[in-house]
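Q: Handing you a structure now.
The values are calculated or read from the model by the stated rules, or taken from the named source; none is laboratory data. Everything numeric in this text was worked out from a predicted model, so none of it was measured. A quick note on method: Cβ atoms are made from the backbone with ideal geometry, for glycine too, and the neighbour counts reach across all protein chains shown.
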Amino acid sequence: MVRDMIALALAFALLLIPQAGCTAGRSGHGGGTEAAVLIALPALAKLPPAPAPSVRKDAADVNYELLMAAPLLKSAGSSATYTSSPRQISLVPPDGRTMAYSVFGLGGLPTDGSVIPLKLKLTGSSNYWLAVSDYAHGSWQYLDYEGTGDYMLSSGGGLISPSGSFYAALIAWQTPSSMSSMLATLNGQAPGGPHELWYYTMANLLVDQNLTDAIALLNRAAAAGYTKVVHADYKFGTIDLQSQHYYDNLQAYKDAALSAGIEIIPGLVPIGYSNSILNHDPNLIEGQGVVDCHFRASATTADVVQDPATTIVNGGFENHSGHAFPGWTQMDGAGVSTFADTAVAHGGSASMRFENFTAGNPNGNDRIRQQLTVAPWNCYAVSIWLKTDGVSPADSLWFRIFSGDFSRMLTFLTYPIQSTQDWTQYYLIFNSQDETQVHLYIGLWGGESGQFWIDDVSIENTGLINLIRRTGAPFTVKSGDGTATYSEGSDYEPVEDPLMGRQGTWNMDYDLYHARPVITLTPGSAIQDGDDLLVSYYHAVFVYDMQPTCCLTDEGVYDVIRTTLTQINTRLAPKAVFIGIDETRVINWCEGCQSRGLTAGGLLAYATGRVEQIAHEVNPQWKLITWSDMFDPNHNAHDDYFLAQGTVAGSWDSLPASWDIGNWNSGANRTDTLSFFSGRGNRQILAGYYDEAGPTYSIGAWLTDAKGIPGVYAVMYTTWWRGYDALEAWAQAVRDWEAANP
């Protein structure tokens, strides 16, 4: 059956409620009148933004499939199931006298008030009602009932879309309803136009000069055609802790952006780089577990026992025969690029010197290795003394721990090593996980020039350094035979590491190594002098240059997120927020996370769902945006990702199609990423530039690959080094590409 929208509007005019929603009654096919049944659709003002759904091409038309993996919203209490192969929704009312609904949307429409020719084609297998509306109308405009089969719905001249979003509500009345397709055709044309120009900036607005520079950049960007800025400020994440001076500067920035005609999109919720979250409580960091670590009690305290089996053989390099060092099982270029040096040493009379890197290894690798014996699930610190003289590249001087079978790395720390520096001590921290043998690597990868020296390498069990105390990271002390468990508060005083995350002004100022805390026994403790103990706990974990990740399940994390979003909504009132779920490298270790029985990807999906819920409780109208990498199987959402326990695949399961994606995979497989997110219905912003040299820019080639892929609506000048010299030239490169590719 085909009906014109105008006729539908007249037929159901008495059924429409213009503000809060829509109620409906119906007559049955058999001629008798059914009892009136009411349903209240959600107010349009409370709906999340509509996405640009995935495209389906049929003959010459371009159609947009509204029926995706899940709706934007569905009625509470109803049973709804979704399958993707074949695609189908089945909607079941909670009882035989009510209705259930699912709301779908189409975003990315022009917002200039133009009339858009629209038609809908629905393919279903049983009864359903339909309500449709443009978001800006403020009410559901049409309501219809159809039986089994296919039908076409036409707007009778067009749909006015001042908001850029269109919604359709599928309604099941009394009996289950199912549908396999809901196609929207917009005059055979894809929504869109010239790409929006965005830019990315990082600035601490507490500093007056930074505010001045940020305002000047707003005006420059506006003159070059940019309309939005993604602004990352660490203090956004601690906005509840800031001074009035900061709030005044934030208001000045907001006013300047309004004057320049640029929309501020704040970068918030830094899941991958969690420093601002952890500023509220350092114990919210994710950590790895230590199981049954050997401690021994004295009269008043208990401390870790250093196992003599865990040691560095010849760590001072005093024992050498020529340029060979017993205990070190691998040396690149012994006597060619690796030498015993008795003229330069940190301690004792000798050190190991590295130079002429390519002479000992064609790739410039100059490394030494030793196998170490460790206890499973213990935390260790390797101390290394290093001296450099003109070494290049200094950032490829690494210390690494590999598993016994070399299948995985157990730590991913990097250090700010200078090309030339005097003797400096570094700590390599690692959790042994389930290993009893590990491999220590020290050296340079891809060396080009210069010299460096290594000396006085040692190892110790860290004990309670960087101890985490929170609900999901329990602390237990048992007797040496494991038969007795001692009580905190009665057998020993409350345990903490007072220096964990508190090395400087801010709570998130962590370090790798400091004075080791001990367990203090209480008077009358059941623990006696000389008792052996088995202590289990969790310690903080970092990757690269002290990058911390928060726990993904602790409610304290989500309390901080809620506070941040609420304050930002009040003080900045943005239309959209950029959620910082990216490069999340430590996942799924603490008991709180492990108890969920999820993979790392499953936990990211959980966290995404929680952030979505909180954000739209704070502001239902917010457009949410996030980075691509942790949801992209072609980028970081895969197996064996840093210290993510379990695969990261499946992280996208709770990523709503209404979220936009800051796509930063411009690599060789970028078309796979473009298609992946487009197929899910996520609109995309291509995050390009990354401080590349001009005068030509790679954004043109990326746009060429994206041509014809729906939902790519913006490009973002993205710089990590605050390099804005090319701001205008890069915008012009985008416009030149558009002119050549109408």
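Q: State yes or no: is residue 656 surrounded by fewer than 23 Cβ atoms within 10 Å (Cβ to Cβ), within 17 Å of the chain's Cα centre (by Cα) and closer than 21 Å to residue 105 by Cβ?
A: yes
Q: Give 568, 561, 527 a once-over and let me know the one that is part of a loop (DSSP other than H, G, I, E, B), in contact (Cβ under 8 Å) with a residue 24 or more places away in the chain and of a type in the set (A, V, I, L, M).
A: Exactly one residue qualifies, and that residue is 527.
Residues checked against (1) modelled with pLDDT under 95; (2) among the acidic types (Asp, Glu):
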| residue | (1), (2) |
| --- | --- |
| 253 | no, no |
| 263 | no, yes |
| 322 | yes, no |
| 328 | no, no |
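Q: Sticking with this one: For region 724-732, does any single residue satisfy the condition of being closer than 30 Å to residue 103 by Cβ and modelled with pLDDT of 95 or more?
A: No, region 724-732 contains no residue that is closer than 30 Å to residue 103 by Cβ and modelled with pLDDT of 95 or more.
Q: Among the residues of region 661-696, count how many are assigned to a loop (DSSP other than H, G, I, E, B) and either surrounded by fewer than 23 Cβ atoms within 10 Å (Cβ to Cβ) or modelled with pLDDT under 95 (or both). Explain how you work it out, then say what you get.
A: At the first step, the residues of region 661-696 found to be assigned to a loop (DSSP other than H, G, I, E, B) are 664-669, 681-683, 690-696.
Still in the running and either surrounded by fewer than 23 Cβ atoms within 10 Å (Cβ to Cβ) or modelled with pLDDT under 95 (or both): 664, 666-669, 681-683, 690-696.
Selection size over region 661-696: 15.
Q: For the subset of region 263-293 comprising residues that are within 16 Å of residue 577 (Cβ to Cβ) and of a type in the set (A, V, I, L, M, F, W, C), which member is surrounded by the fewest Cβ atoms within 10 Å (Cβ to Cβ)?
A: So, considering only residues that are within 16 Å of residue 577 (Cβ to Cβ) and of a type in the set (A, V, I, L, M, F, W, C), the one surrounded by the fewest Cβ atoms within 10 Å (Cβ to Cβ) is 264.
Q: In region 589-611, what residues are polar (S, T, N, Q) and surrounded by 24 or more Cβ atoms within 10 Å (Cβ to Cβ)?
A: Of everything in region 589-611, just one residue is polar (S, T, N, Q) and surrounded by 24 or more Cβ atoms within 10 Å (Cβ to Cβ), namely 608.
Q: Among the numbered criteria (1) more than 30 Å from residue 407 (Cα to Cα); (2) in a loop (DSSP other than H, G, I, E, B); (3) of a type outside the set (Asp, Glu); (4) out of contact with any Leu (no Cβ under 7 Å at 6 or more places or on another chain), which single criterion is violated by residue 450?
A: (2)
Q: In addition: Looking only at region 412-448, which residues are exposed (fewer than 15 other Cβ atoms within 10 Å of the Cβ) and more than 18 Å from residue 344 (Cβ to Cβ)?
A: Residues satisfying the conditions are 416, 434, 436, 437, 446, 448.
Q: While we're here: So which of 371, 306 ends up being surrounded by fewer than 21 Cβ atoms within 10 Å (Cβ to Cβ), part of a loop (DSSP other than H, G, I, E, B) and of a type in the set (S, T, N, Q)?
A: Testing whether each residue is surrounded by fewer than 21 Cβ atoms within 10 Å (Cβ to Cβ), part of a loop (DSSP other than H, G, I, E, B) and of a type in the set (S, T, N, Q) leaves just 306.
Q: Further, regarding this structure: Could you check region 338-367 and list, in sequence order, the residues that are acidic (Asp, Glu) and either at pLDDT below 95 or within 16 Å of residue 456 (Cβ to Cβ) (or both)? First the steps, then the outcome.
A: Applying the first criterion (acidic (Asp, Glu)) to region 338-367 yields 341, 355, 366.
Passing the criteria: only 341.
Q: Shifting gears a bit: Which residues, taken from region 659-674, are within 15 Å of residue 579 (Cβ to Cβ), touching an Asp or Glu at 6+ places or on another chain (Cβ under 9 Å) and not hydrophobic (A, V, I, L, M, F, W, C)?
A: Within region 659-674, 662, 663 meet the criteria.
Q: If you don't mind, another one. Out of region 639-694, which residues are over 26 Å from residue 414 (Cα atoms) and of a type in the set (Val, Ile, Thr)?
A: 661, 671, 673, 685
Q: Additional query: Please go through region 536-551 and pick out each residue that is of a type outside the set (Phe, Trp, Tyr) and surrounded by fewer than 22 Cβ atoms within 10 Å (Cβ to Cβ).
A: Pass one, region 536-551, residues of a type outside the set (Phe, Trp, Tyr): 536, 539-541, 543, 545-551.
Scanning region 536-551 gives 536, 543, 545, 546, 547.
Q: Still on this model: Please specify each residue of region 565-583 satisfying the condition of being under 17 Å from residue 265 (Cβ atoms), among the β-branched types (Val, Ile, Thr) and more than 17 Å from the chain's Cα centre (by Cα).
A: Passing the criteria: 568, 570.
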